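Presented below is the structure to which this report refers.
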């Protein structure tokens, strides 16, 4: 997977809809300066690893039954 | 009036109230005086409702209903929780004018149990962060060392209790935001099984991970509060330490941790063994990507809620929360769904472990309260963001949904409290709290009161 580029995130913002974050805020995701909990690229890299995990038919977590 | 009353557990205060040794009005005045003296230093409160508290206490008079274990007990709650007629600000400029029309379910339940609400506690803006820093209302300091953090995000709740400004506090816990500040401040922090305490009337941060929880002075007090807060609370089944099987995680939870914290948790393990408990190593699910999974659930959910304010009031959010929300918009739907499926996988793996053990013991935090303003903390030569460290041992159980309680078990040579965490089976909240109560009763350890000058 290639590293995410600012241009990609700007295109998502402009072409997919959603809140119009400032360009500086989009830059923050690519080159973090404020200390977001995890760098966005690291997060994407780890999500790509998690994508390889076969979760079979496990559904999303929902209510916790008392049975 | 004796200041030690301000630090007295609910259990003992309630007895004094019922015996007529003290009136509800006197108790309110005790805390009101302390808030006048220490409220500004503690940065614990965003708003107060003392006149209403005084009126409520006067109405109760000397007639404390023995059937109401919280009768006349003053409490505070995190400013994410609605109290009719008062602003619920989330600690943010965004909702400075957001006056609640009705009480949250939990406020109603506490009122029915006889508790008296006194004020709203400071927090990390909209619960986004574990350091408890708040640029509007300030950063609540640790009562044991004002140069250190109380921890967050329920920072004001921990400070209010730690400074002796109320008898109990209600917070929210999405990754440890009740348990971690309680641990850092020498208090007992409890989060229930996911869903057992209503979140209606509480500003959401992440619906899939949010839990309402309690901060108290003892496990016994946590039981009293849980009884009032959970609609389906029951008496705990018979719980004995000598019949307990305690799981000790083989990895992650005892790694990269302050040596003195490990020593004190080790002492606790020795106590449990000597009390007849069986301690068994347990292999936990892989923790390598759990923070990533948690964030991938949190941020899109937070964005989805806050979208209602962004267009009109987006400029009023702090820059770091805006950055987190922006991240939420750049994740894919499948990544979010996969993260929630991984949460379900964690739940199933943990339920298998709980077929072998009754409870799991871990340190509550890998570090003592970090200095205010510290961006990173370093343990064993490894640095990480302070907020990550504070919740490193707690956040997994928000995903698995298991009940967890943190309680003090020692003092660090730096003069700050050390705490342990017990985790229980789904819906075994009552037995978990009872186990913590038994430990609290038997374990040879006494926490000194903070020196507040």
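In whole angstrom, note down how far apart the Cα centers of the range B:279-309 and the range B:140-193 are.
The distance from the Cα centre of the range B:279-309 to that of the range B:140-193 comes to 21 Å.
How big is the gap, in Å, between the Cα center of the range B:200-247 and the Cα center of the range B:378-453?
Rounded to whole Å, the Cα centres lie 14 Å apart.
Let me know the mean shielding of B:295-301 by other chains, meaning the per-residue number of their Cβ atoms within 10 Å of its Cβ. Present the calculation step by step, with values, prior to reporting the outcome.
On the way: counts 7, 6, 2, 1, 3, 0, 0.
Counting other chains' Cβ atoms within 10 Å and averaging over B:295-301 gives 3.
Rounded if a/c is under 1.5, else prolate if a/b is larger than b/c, else oblate: which is the protein assembly as shown, with a ≥ b ≥ c the root eigenvalues of its Cα gyration tensor? Write down the numbers at each step before the final one.
Values: a/c = 1.65, a/b = 1.25, b/c = 1.33.
Since a/c reaches 1.5 but b/c is at least a/b, the shape of the protein assembly as shown is classed as oblate.
Roughly how tilted is helix A:6-16, in degrees to the nearest 10 and between 0 and 90, from the longest Cα axis of chain A?
70
Take peptide A:19-25, look around each residue's Cβ out to 10 angstrom, count Cβ atoms belonging to other protein chains, and average those counts.
Mean shielding count: 5.
So what is the relative contact order for the range B:3-229, in percent, with contacts set as C-alpha pairs under 8 Å and at least six apart?
Worked out over the range B:3-229, it gives 21 percent.
Using Cα springs under 10 Å in a Gaussian network model of chain A, which residue among A:25, A:56, A:48 shows the largest mean-square fluctuation?
Looking only at A:25, A:56, A:48, the biggest GNM fluctuation is shown by A:56.
Let me know the shape class of chain B, please: from the alpha-carbon gyration tensor, a ≥ b ≥ c as square roots of the eigenvalues, rounded when a/c is under 1.5, otherwise prolate if a/b is greater than b/c, or oblate.
rounded
Ranked from highest to lowest mean number of other Cβ atoms within 10 Å per residue, what is the order of the peptides B:200-209, B:275-284, A:3-12?
B:200-209, B:275-284, A:3-12
Take every residue in peptide A:53-62, count the Cβ atoms of other chains within 10 Å of its Cβ, and give the average of those counts.
Neighbouring Cβ atoms belonging to other protein chains average 6 per residue here.
Is the shape of the range B:3-229 best called rounded, prolate or oblate, per the rule: a/c under 1.5 gives rounded, else a/b larger than b/c gives prolate, else oblate, with a ≥ b ≥ c the square roots of the Cα gyration tensor eigenvalues? Could the numbers behind the result be given before it?
Working: a/c = 1.44, a/b = 1.32, b/c = 1.09.
Verdict is rounded for the range B:3-229.
Read-outs: derived from the displayed coordinates by stated rules, not from any lab. Remember, it's a predicted structure, so these values are computed and weren't measured experimentally. Note that we place each Cβ from the backbone using ideal geometry, even for glycine, and neighbour counts take in every protein chain shown.
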